[in-house]
Structures are given as structure tokens and as C-alpha cells.
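Participant: Pasting a structure below so you can have a look.
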Amino acid sequence: ISLGLVGSEMCIRDSPSTTTQNFMAYRLENKLDSVVFHIIQTSTVTDVFEPNTDLSSDNYSSFNELKKSANENELNALLSHQSAPVKVYAYRALLSQSMNVNSDFEIALLNDTSCVNLLSNNKLISSTVMEIAENDYRIYK
């Protein structure tokens, strides 16, 4: 039973009372910074693998912009970002473009219990980075 609390249930218990204000207040120097900042602001991950995904949504657009703006090294660096949605989208961008994933970062990601909201089939689901990454890993590997 205690292992079950490591997943989504802990998100409710351990949710911070503050939002993106604590993440970063830095100057946006380039396109990638802007995309990452936008992903942080949304704080939700869209299930880009669902057939009914709204391709015009801001979240989906941010994912596509991240894929266009970041190279393999930058995406791997983003796997250790403090924002859960940024980590998830960076991992998906690497996998979907068949890029190399840093194995140390991937292991950390597959053990990351940070909370993240997943928008899937027009439902908001409380999840963890680990749960989403495991699912993405099964899809792509």
C-alpha cells in the first residue's frame, strides 16, 4: 500500500501552495527560453499521443515549438529541469525524434515522483513524471 502512495496520490499531499512564481525569474534570451517559460506557465502536460488531442491547444503548440527550438543536448539538459512539464515534454521530444537520451537523466526521470497534471481525452488527471515517462518509454522503445 505504501508503494501506491509514491505515485499520483502523493501529488495531492505534497502539492506546493505557490505556483510558477518560485520557478524562475530570468530574462528570456532566446526562443528556447521563451518556449520553456511558456511550458512552466501552463503547468499541464497534454497527452500528445491520444488520437483526440486538440492540435491547436497552447500545450500542444508548446511541445511542437520545443521540438523545433531545442537540439539533442538542450533537450537532454531539460530532463533535469525543476519543472515537471518541461521534463516530460523534453523526454517526449527526444523520443519522438529518435534522439539519444542521456541514460543517467532517463533513469532519474523514470524514478521522478514530481506531480504533474495530464490532460488526456479532455480530462485533467493528477499524475507523476515517472508514470508519464514510463508510458512514453513503452510507446517509443
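Participant: Report Rg(Cα)/(2.2 N^0.38 Å) for the stretch 36-141, keeping two decimals. List each step's numbers first, then the result.
Facilitator: Values: Rg = 12.3 Å, N = 106, 2.2 N^0.38 = 12.9 Å.
Working it through for the stretch 36-141, the quotient is 0.95.
Participant: Could you compute how much accessible surface residue 47 exposes when probed at 1.4 Å, giving the result in Å² to the nearest 10?
Facilitator: Result for residue 47: roughly 20 Å² accessible.
Participant: If you take every residue apart from residue 66 with its C-beta less than 15 Å away from the C-beta of residue 66, what net charge results, scoring Lys and Arg +1 and Asp and Glu -1?
Facilitator: Values: positive: 31, 67, 68, 87, 92; negative: 33, 58, 65, 72, 74, 136.
Cβ neighbours under 15 Å give a net charge of -1.
Participant: Can I ask one more? How high is the FRET efficiency between residue 98 and residue 125 when r is their beta carbon distance and R₀ equals 30 Å, given to the nearest 0.05?
Facilitator: Numbers: r = 27 Å, r/R0 = 0.91.
Efficiency at R0 = 30 Å is approximately 0.65.
The values are calculated or read from the model by the stated rules, or taken from the named source; none is laboratory data. What you are looking at is a predicted structure, and each value in this text was computed from that prediction instead of being measured. Here the Cβ is made from the backbone with ideal geometry for all residues, glycine too, and neighbour counts use every protein chain on show. Protein only, heavy atoms only, side chains kept; ligands, DNA and RNA dropped before computing areas. Shrake-Rupley method; radii C 1.70, N 1.55, O 1.52, S 1.80 Å.
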